[in-house]
Amino acid sequence: MIAKVLKNDKNHVEFEITNLTIAELLRKFLWEDSAVKFAAWKREHPSKNPIFIVKTEGKTAKKAITDCLERIDKLSDKVLNEFKKSIKK
């Protein structure tokens with residue numbers, strides 16, 4: 001998923017990401033965290049990988065991303081379990 005870390009400061013992380021869908025999912029879930037002051041991706045050209053930027057206050061950017069990934073993981077487990085229940089009926 002992550003191709004290359006470009007900046008790794010305490011409250012500011014930038015990394016190249018290979019998948020736009022994952023980038024958009026991360027952006028949406030990161031904005032749910034009150035410590036996140038900026039979360040977005042940018043792309044210089046459609047043939048280039050997007051660059052994801054996260055800026056935080058009160059929590060490290062790395063911790064905010066880790067928390068975000070845990071929330072996504074829990075939601076995906078819930079969706080999968082609900083799907084499995086629905087096909088058994």
Seminar exercise, completed: Neighbours of Asn81 by Cβ distance under 12 Å: Lys/Arg at +1, Asp/Glu at -1, summed charge +3
Exercise. Within a Cβ distance under 12 Å of Asn8, other residues only, what is the Lys/Arg minus Asp/Glu net charge?
Worked result: +2
Problem set entry | Cα-based helix-to-principal-axis angle, 20-30 vs the chain, degrees rounded to 10 | 90
For this session: Report, in cubic angstrom per residue, the convex hull volume of the C-alpha atoms of the stretch 2-88.
Result: 98
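For the chain, what is the calculated [θ] at 222 nm in deg cm²/dmol (nearest 500), taking -39500 (n - 2.57) for each run of four or more DSSP H residues and dividing by its residue count?
-15000 deg cm²/dmol
What FRET efficiency, computed as 1/(1 + (r/R0)^6) with R0 = 41 Å and r the Cβ-Cβ distance, is obtained for Ala35 and Ile87, rounded to the nearest 0.05?
Efficiency computed from Cβ-Cβ geometry: 0.60.
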Exercise. Using the alpha-carbon atoms, what tilt in degrees (0 to 90, nearest 10) does helix 61-88 show relative to the longest principal axis of the chain?
Worked result: 20
For this session: Compute the FRET efficiency between Glu57 and Leu25 as 1/(1 + (r/R0)^6), taking r as their Cβ-Cβ distance and R0 = 25 Å, and round to the nearest 0.05.
Result: 0.65
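Where a number appears in this text, it was derived from the coordinates with a stated rule and is not lab data. All figures in this text were calculated on a predicted structure; none of them were measured in a lab. All Cβ positions, glycine included, derive from the backbone under ideal geometry; neighbour counts span all protein chains shown.
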